[in-house]
Amino acid sequence: MALAIFDLDNTLLAGDSDHAWLDFLSTLGIVDGAELREANDRYYRAYMEGKLDMQDFLRFVLAPMAQHPRRDLEEWHRQYMQERVLPMITDASRALVRKHADAGDTLLIITATNRFVTAPIAVELGIPALLATEVECDENGEFTGRSYGTPCFQAGKVERLRQWLSGQGLPWEESLADAYFYSDSHNDLPLLELVGNPVAVDPDKVLAEVARARSWPILSLHGPCHPLH
């Protein structure tokens, strides 16, 4: 059995769950649409340049969660799953997950997007283990609008994976030697460079160049499914 690690946004999903969640909230009038578009463009540019201030971004995306009761957020999320997330899950993504499940591999999503948004998506994909950016709750279980712990982003994914493997009683080097990691982004190079089987999925320009230079497999899950090449 091998460890099969999946990035989520623009990898297993044909889109970004953080962006889609805020955009969905804007359609409900919960967040300001104009502010969302301006901020999202700014953060996206920083992300693509590898310069995203993750703490600043988290303050922005988590703020609406502190302004509404959790029961309302959960109800909105159920609607969001149906209207926004399910259309982003392609048959090719489901087939890839099923391939690793049928092989008996240990399935794990590792994503910078917060756990509230992504936990139901992991369930829908049939992936039991999830490493995500954690969101803080108060004593009543309501969200504070803050994160805690190490954000699951860039080198933080390596740290979070190391902690998870230790908690599972699994050795670091042996676990990564045969591990697969699927990602679209050059921001995930710290982890891609550590696993025995890195795979670029519909990669951004920087990651595509790295993958070709290092003869890493490149896979498309969005649109017509192309074989690894």
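Structure notes:
- Across Cys137, Cys152, the residue with the most accessible area heads the list, and the full order at a 1.4 Å probe is Cys137, Cys152.
- In order along segment 137-149, the phi-based Karplus estimate (6.51 cos²θ - 1.76 cosθ + 1.60, θ = phi - 60°) of 3J(HN,Hα) comes to 10, 7, 5, 9, x, 8, 6, 8, x, 10, 9, 8, x Hz; Gly and Pro are listed as x.
- Residue-level accessible surface for Glu75, protein heavy atoms, 1.4 Å, Å²: 90 Å²
- Its alpha carbons give segment 92-170 an Rg and a Dmax of 14.0, 42 Å.
- Heavy atoms of Arg94: accessible area, 1.4 Å probe, square angstrom to 10: 80 Å²
- Derived scalar couplings between HN and Hα for segment 39-50 equal 5, 5, 4, 5, 5, 5, 4, 5, 4, 5, 8, x Hz in order, rounded to whole Hz, by the Karplus curve 6.51 cos²θ - 1.76 cosθ + 1.60 (θ = phi - 60°), x for Gly and Pro.
- Heavy-atom accessible area per residue - segment 132-229, 1.4 Å, Å²: 50 Å²
- Segment 115-224 - percent relative contact order, Cα under 8 Å, separation 6 or more: 15 percent
- Acute angle (nearest 10 degrees) that the helix 54-66 long axis makes with the longest principal axis of the chain, alpha-carbon atoms: 50 degrees
- Surface composition of the chain: carbon plus sulfur atoms hold 49% of the accessible area, using a 1.4 angstrom probe and ignoring ligands, DNA and RNA.
- With N counted as the residues of the chain, its alpha-carbon radius of gyration over 2.2 N^0.38 Å works out to 0.99.
- Values of log10 I(q)/I(0), in the order q = 0.12, 0.25 Å⁻¹, for segment 1-93 under a Debye, Cα-only, solvent-free model: -0.44, -1.38
The values are calculated or read from the model by the stated rules, or taken from the named source; none is laboratory data. Bear in mind that the values here come from a model prediction, so they are computed numbers and not experimental data. Ligands, DNA and RNA are excluded from the accessible area calculation, which covers all protein heavy atoms including side chains. Shrake-Rupley method; radii C 1.70, N 1.55, O 1.52, S 1.80 Å.
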